[in-house]
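All remarks here apply to the structure that follows.
The values are calculated or read from the model by the stated rules, or taken from the named source; none is laboratory data. These numbers were taken from a predicted model, which means no experiment stands behind them. Cβ atoms come from the backbone with ideal geometry, glycine included; neighbour counts cover every protein chain shown. Side chains included, ligands, DNA and RNA excluded: accessible areas come from the protein's heavy atoms. Shrake-Rupley method; radii C 1.70, N 1.55, O 1.52, S 1.80 Å.
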2 protein chains.
Amino acid sequence: MSRLFKRLSSTITVKAAPSKAHLHQPLPPSSFPTGYLLTGIHAGVKKKPGVLDLALIVSTSDHPASAAACFTRNAFKAAPVVVSDQILTQNGGRARAVVVNSGCANAVTGRQGLEDAWAMVRETDALLPPSASTAENHTLVMSTGVIGQNLPIEKIVHGIRSQATSARTLASDFPAWERAAQAFMTTDTFPKLRSRVFTINGTEFRMAGMDKGAGMIHPDMGPATTAFPALHATLLGCILTDAAVSPRSLQSALTYAVERSFNSISVDGDMSTNDTILVLANGAAAANGGQVVEIDQETDKEGYEIFKTELTAFAVELAQLVVRDGEGATKFVTVNVKGAPTFEDAHRIASRVSTSALVKTALYGEDANWGRILAATGSVSVPALDPSKVSVTFLPSDNTAALRVLVNGEPEVVDEVRAKEILGLEDFGICIDLGGIGNEEATYWTCDFSYEYVRINGDYRS
Amino acid sequence: MSRLFKRLSSTITVKAAPSKAHLHQPLPPSSFPTGYLLTGIHAGVKKKPGVLDLALIVSTSDHPASAAACFTRNAFKAAPVVVSDQILTQNGGRARAVVVNSGCANAVTGRQGLEDAWAMVRETDALLPPSASTAENHTLVMSTGVIGQNLPIEKIVHGIRSQATSARTLASDFPAWERAAQAFMTTDTFPKLRSRVFTINGTEFRMAGMDKGAGMIHPDMGPATTAFPALHATLLGCILTDAAVSPRSLQSALTYAVERSFNSISVDGDMSTNDTILVLANGAAAANGGQVVEIDQETDKEGYEIFKTELTAFAVELAQLVVRDGEGATKFVTVNVKGAPTFEDAHRIASRVSTSALVKTALYGEDANWGRILAATGSVSVPALDPSKVSVTFLPSDNTAALRVLVNGEPEVVDEVRAKEILGLEDFGICIDLGGIGNEEATYWTCDFSYEYVRINGDYRS
């Protein structure tokens, strides 16, 4: 950098981000849905030896699991996204396996990229025992990492084939799930793995899953060069359950859940080329004397609603881990918008407030800045919005008294001491009440904006 | 801030931003449109003595000038916005004066705020000589500054009334225009004043104008408290011309111009509660033997098109000053999107790329990061977009060779030396060519995202 610009130098004290280690939780054997084998290995996509970069997930049930996905809406879809979308469509929402690599996104890789994604699918298909299914392919594929670079496909193929040899490590215990979650990681500082138990119509089911993504970019992708640019860490998620759900209902439930979880977190930057959330439901815990009855919204509305609610809560739990893993983030803030005409209105406002750079820097500065929240709120077009009905409140995470800063459009005299207490917590909430112009609400989760963000994303050449 | 978080401390060297002083340019007397008197005074809205905070602009032509405005679309419109909008509507697009105060936005001030804005209008009306107009009010009002605080209206009224006494400073020379521009300033580091000469149908006309706004917040509003939160510095602009244009054509031209200027700059944060761009056309240079013929798009399409083009170019010049005044900004970047189906498509993409935090930090880091530009581009919904037709090019401001980083969807091997040269300049361009899926284009101007941004907006409590 030109010395011309180094006239000024100042020391900025960077607040240390809270430790994330406690967010990686061991899970007991009873946590996991039955009928799945998983593993994570080092295939060699990532250069550092021993670092896991290839995950395999296989459903061992006789019949293919129901499968559903939500993909990035970015116009530049990575090869694995195109291929998985195609497979799900041609299979009518069924699959038997998932293969995931990290370290290379296989995005902006043209025809070779598509061929490589198909190769990963076919090699994983070859691991599966024969089934009665007439589908041509049974595996969904995901990738994450640098873009504009082709996969080292021979290494990946070799890695997949190793699972058909004595080197096989596919298993169903916690270490197996943990390896898979580790193989998803790129900029994450801990493997994101959770589980949940739920009951429908008297039967107990389980879901477990992993995701990856970080509020901001982490520089361990190596030195950034223009050939391999770093962009926002891709969001990937894979949820597995032993409930039986029809393909169309699984898709409805997932779409609903993703809208309220993965699409309700403030990640850095725009939707990446690779974002994918998958769910498989293999019915392994639903077999009653051999007869598996799939939950479907038409035939069992109540059962479906329970499943949808559980899936949503679980997706929220996984998505929140991504927010907490924001590099340099010191705050975890829940933004709730209520009293809106529609969920979409509430969601758009929550999104605008949560992603506003001015709001996020104010959070870093522990400033209960209602003005910035107001400007963000008012910049979203909601025709019924009435400024004289809007209230803004800060909510501590310890259930002590809330701090009202704007009430029905009028600013309050703010108790600065109380503001400092609440905003000084790691976790707190912001409630924006539109004053009953409707009954709908939405919740978004976000983190603050710090020097670390600029240093990592802008200053890596100094 | 808790000592618990001060475990880590690092020294970050902050690049000095280039000096802005040269951007304040003296203008010769022949620059200014005829028939206007202006001044700026210290009324006492701002505490520091001598700092100008009240501007008056008066058209001395017999008949009211045509007037047009573009206002913030924020749902929380400040009192001056509501009042000016009402006056323009009831006057059918005519006015004779403008009154502007800085230091207090008169926003989120309820009924008192509206009364105060009307008081400013009436007191300025009282300065004007009688005219044949039957309009009830003749003055438009703008405010900028802290929100949630009422105006010191007595001081403002006193200041306006001073112009009807021997203390009158209204004049038409450069110092008068300069005072008015200074009275607009809040976070600006220099008064933004420009002029332009143009010819329509053989007659020479002039426009001159001022604006205010800075790419980012400047902390000279005093210590931030929650009662008086700082948000993105309001964008205000006032353009004056001695051409004669019908009200409806003046509005069409302004709307067109604002879309391609003030709405095509990356300012920090969301549209504020106060953003306003005004234009007055008093026809003082159009009188041919006493008969003023207003340019109108129906009766003189060619004349209208010239006027619209000139107004747009002038608005661009004023708007660019705002980008250059971004606190801590070290880059001035022109983002051009071409080959789009519609102007709106191109504009949305240019906007997304220009306001992306990831792109802006990459600009600060002088990184020719096509991946982030691509992700931003692809996240805008343009159905006809074809990834295999998109090209991204970096353009130096010195007309030397451009650097192609993505060509028809394929990444180029980037000449890192050349990338460093171009991105090391203060001014450069990014061209995103959608590959002829249409013929429309849009241009946006943005600046980079630096440590200064976080320090100013987030760290003012340390």
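Count Lys and Arg as plus one, Asp and Glu as minus one, and take only other residues whose Cβ is under 9 Å from that of B:H24; the net charge is then +1.
Summary for A:A126: label point 7 Å along Cα→Cβ; distances to the equivalent points in the other copies, ascending, 9.1 nm. Just how far, in whole angstrom, is the range B:40-67 from the range A:79-109 if you go by their alpha carbon centroids? Rounded to whole Å, the Cα centres lie 63 Å apart. For the pair the range A:398-427 and the range B:163-179, the centres of their Cα atoms are 46 angstrom apart. Rounded, prolate or oblate for the range A:97-170? Axes are the square roots of the Cα gyration tensor eigenvalues, ordered a ≥ b ≥ c, and the cut-off for rounded is a/c under 1.5. Oblate is the answer for the range A:97-170, as a/c is 1.5 or above yet b/c matches or exceeds a/b.
Panel note: contact residues of the range B:339-373 (accessible area lowered by at least 40 Å² against the chain on its own; 1.4 Å probe) correspond to B:L358, B:T361, B:G365, B:E366, B:D367, B:W370, B:R372. Accessible surface comparison of A:F174, A:F314, probe 1.4 Å, protein chains only, largest first: the order is A:F174, A:F314.
Considering the range B:73-210, its Cα convex hull presents a mean projected area of 10.4 nm². Over chain A, Cα pairs under 8 Å with separation of 6+ residues give a relative contact order of 17 percent.
Computed over protein heavy atoms with a 1.4 Å probe, the carbon and sulfur contribution to the accessible area of the range B:55-198 reaches 50%. Around the Cα centre of chain A, unit charges on the Cβ atoms of Lys, Arg, Asp and Glu (plus for the first two, minus for the last two) sum to a dipole of about 1520 debye. Between 0 and 90 degrees, the angle of helix A:174-184 with respect to the longest Cα principal axis of chain A falls at about 70 degrees. For the range B:101-115, accessible area lost to neighbouring protein chains reaches 30 Å² or more, against the chain alone with a 1.4 Å probe, at B:V108. Each other copy places its own label point for B:Q90 at 6.9 nm from this one, sorted shortest first, where the point lies 7 Å along the Cα-to-beta carbon line.
Taking every protein chain into account, the accessible area of chain A amounts to 36 square angstrom per residue (probe 1.4 Å).
Shielding value for B:146-159 is 1, the average number of Cβ atoms from other chains within 10 Å of each residue's Cβ.
How much net charge surrounds B:A284 when only the other residues with a Cβ under 14 Å from the Cβ of B:A284 are counted, with Lys and Arg +1 and Asp and Glu -1? Every neighbour counted, the sum reads -2. Taking every alpha-carbon pair within the range B:30-103, the share separated by more than 18 Å comes to 54 percent. Solvent-free Debye calculation, one equal scatterer per alpha-carbon of the range A:174-217: log10 I(q)/I(0) at 0.21, 0.26 Å⁻¹ equals -0.69, -0.86. Taking the three principal axes of the alpha carbon atoms in the range A:317-462, the coordinate ranges are 50, 34, 28 Å, sorted in descending order. Kirkwood radius and radius of gyration were both taken over the C-alpha atoms of chain A, and their ratio Rg/Rh is 0.99. Computed on the Cα trace of the range A:149-208, the radius of gyration divided by the Kirkwood hydrodynamic radius gives Rg/Rh = 1.12. Considering only the range A:295-435, what is the antiparallel percent among its DSSP beta bridges, to the nearest 5? If I count the DSSP bridges inside the range A:295-435, around 60 percent turn out antiparallel. Scanning chain A for trypsin sites (Lys or Arg not before Pro) in DSSP loops with at most 14 other Cβ atoms within 10 Å, what's the longest stretch left with none? With a cap of 14 other Cβ atoms within 10 Å, the longest stretch comes to A:169-460. Positive contributions from Lys and Arg (+1) and negative ones from Asp and Glu (-1), summed over other residues with Cβ under 15 Å from the Cβ of B:V405, come out at -4. Between copies, B:A167 shows label-point distances of 8.8 nm, shortest first, with the point placed 7 angstrom from Cα along Cα to C-beta. Ignoring ligands, DNA and RNA, what percent of the 1.4 Å accessible area of the range A:272-413 is carbon and sulfur? C and S fraction of accessible area: 48 percent. In a DSSP loop and with at most 10 other Cβ atoms within 10 Å, there are no GluC sites (Glu not before Pro) in the range B:315-367.
With contributions of -39500 (n - 2.57) from each DSSP H run of at least four residues, the per-residue ellipticity at 222 nm computed over chain B stands at -9000 deg cm²/dmol. In this assembly, the A-B interface accounts for approximately 6800 Å² of buried accessible surface in total, computed with a 1.4 Å probe and without ligands, DNA or RNA. With the convex hull drawn over the C-alpha atoms of the range B:285-372, the volume per residue is 133 Å³. Helix B:343-355 axis versus longest C-alpha principal axis of chain B: approximately 70°, rounded to the nearest ten.
Taking 19 Å as the straight-line reach from the Cα of A:K20, the lysines in range (excluding those fewer than 8 positions away in the same chain) are A:K192, A:K212, A:K331, B:K6.
Sorted from longest to shortest, the spans of the Cα atoms of the protein assembly as shown along the three principal axes equal 99, 61, 55 Å.
DSSP finds beta bridges in the protein assembly as shown, and of those with both partners inside it, around 70 percent are antiparallel.
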